[in-house]
Amino acid sequence: SLLQKHVDTKGNVNYADFKKEEANLNTYISYLAATSPQKKWSENKTKAFWINAYNAYTIKLILENYPLKSIMEIKQEGKDAWNIPFAIVGGKTHTLNAIEHEILRKNFDDPRIHVGVNCASVSCPQLGNFAFTEENIEGELERLMHLFINDTTRNEISENKVQISKIFDWFKGDFIKKGTLIDYLNNYSTTKINKKAKVRFLEYDWNLNKK
């Protein structure tokens, strides 16, 4: 309900209004702090839980430091936003990096995780204005990846030249397990890309994804 209220259909967040409801977010944060994923949970339920946890703690970090221009400004004891140990899940303290890389990427062979987790920046794939659930995660990750790849503000795709998000460079290994990067893009791109197309990576805009 918080995401539906404060995130628009393009993934921009009204952090000023969200901050007024920080107590409601903290209720969810308390649930995360007390809840451990169960072994009997399905893969989709576990994946949804951890992506929601990542996004909730990222928003919490932004709200605690708001107003600010970029998540890159956040530093605590010399550590950047992704390496601050503050995200408590099931009584254990994690960093955002640990949730993304040691839990999500390590346990789920799914490059669509990169459109699920959100780094609160303009160049990130857009933040969904909903929570992931066991039932919706498959369809929503598929929809968000399609949206991201065909979003001309984040990727510029033509038949013989692609200028794409740095996410495809930073995490290239996640996208080329079943073929080339162009093969992966072609699974979603509305423009069919030539297999020998030139690939360039765009500069990342770390400004806050605020409206």
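The values are calculated or read from the model by the stated rules, or taken from the named source; none is laboratory data. Computed from a prediction, not measured in an experiment: that's the story for all the values here. Every residue, glycine among them, receives a Cβ derived from its backbone with ideal geometry; neighbour counts consider all protein chains shown. All accessible areas refer to the heavy atoms of the entire protein, side chains included, with ligands and DNA or RNA removed. Shrake-Rupley method; radii C 1.70, N 1.55, O 1.52, S 1.80 Å.
Computed quantities for the displayed model
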read-out: Residue in segment 65-74 that is over 23 Å from Arg154 (Cβ atoms) and surrounded by 13 or more Cβ atoms within 10 Å (Cβ to Cβ) present; value: yes
read-out: Count of residues meeting criterion [within 13 Å of Asn55 (Cα to Cα) and assigned to a strand (DSSP E or B)] in segment 68-87; value: 1
read-out: Single match in Ala131, Ala98 (criterion: of a type in the set (A, V, I, L, M, F, W, C), in a loop (DSSP other than H, G, I, E, B) and modelled with pLDDT of 95 or more); value: Ala131
read-out: Residue satisfying all of: in segment 45-57; farther than 15 Å from Thr27 by Cα and of a type outside the set (A, V, I, L, M); most open to solvent (accessible area, probe 1.4 Å) among these; value: Lys45
read-out: Qualifying residue in segment 86-96 (condition: buried (at least 18 other Cβ atoms within 10 Å of the Cβ) and among the small types (Gly, Ala, Ser)); value: yes
read-out: Tabulated pairs, segment 23-49, first within 20 Å of Ile113 (Cα to Cα), second among the small types (Gly, Ala, Ser) and assigned to a helix (DSSP H, G or I), C-beta under 9 angstrom, 6+ apart or interchain; value: Leu32/Ala53; Leu32/Ala56; Lys47/Gly116; Ala48/Gly116
read-out: Matching residues in segment 116-138 - criterion: being out of contact with any strand residue (DSSP E or B) (no Cβ under 9 Å at 6 or more places or on another chain) and of a type in the set (Gly, Ala, Ser); value: Gly116, Ala131
read-out: Within segment 101-128, tally of residues that are closer than 21 Å to Glu203 by Cβ and either modelled with pLDDT under 95 or assigned to a loop (DSSP other than H, G, I, E, B) (or both); value: 10
read-out: Residue in segment 197-211 that is part of a loop (DSSP other than H, G, I, E, B), farther than 25 Å from Lys69 by Cβ, in contact (Cβ under 8 Å) with a residue 12 or more places away in the chain and touching a helix residue (DSSP H, G or I) at 6+ places or on another chain (Cβ under 9 Å) present; value: yes
read-out: Tally, over segment 147-182, of residues that are assigned to a helix (DSSP H, G or I) and open to solvent by 80 Å² or more (accessible area, probe 1.4 Å); value: 2
read-out: Residue count for segment 1-41, restricted to those that are hydroxyl-bearing (Ser, Thr, Tyr), farther than 14 Å from Lys210 by Cα and open to solvent by less than 80 Å² (accessible area, probe 1.4 Å); value: 4
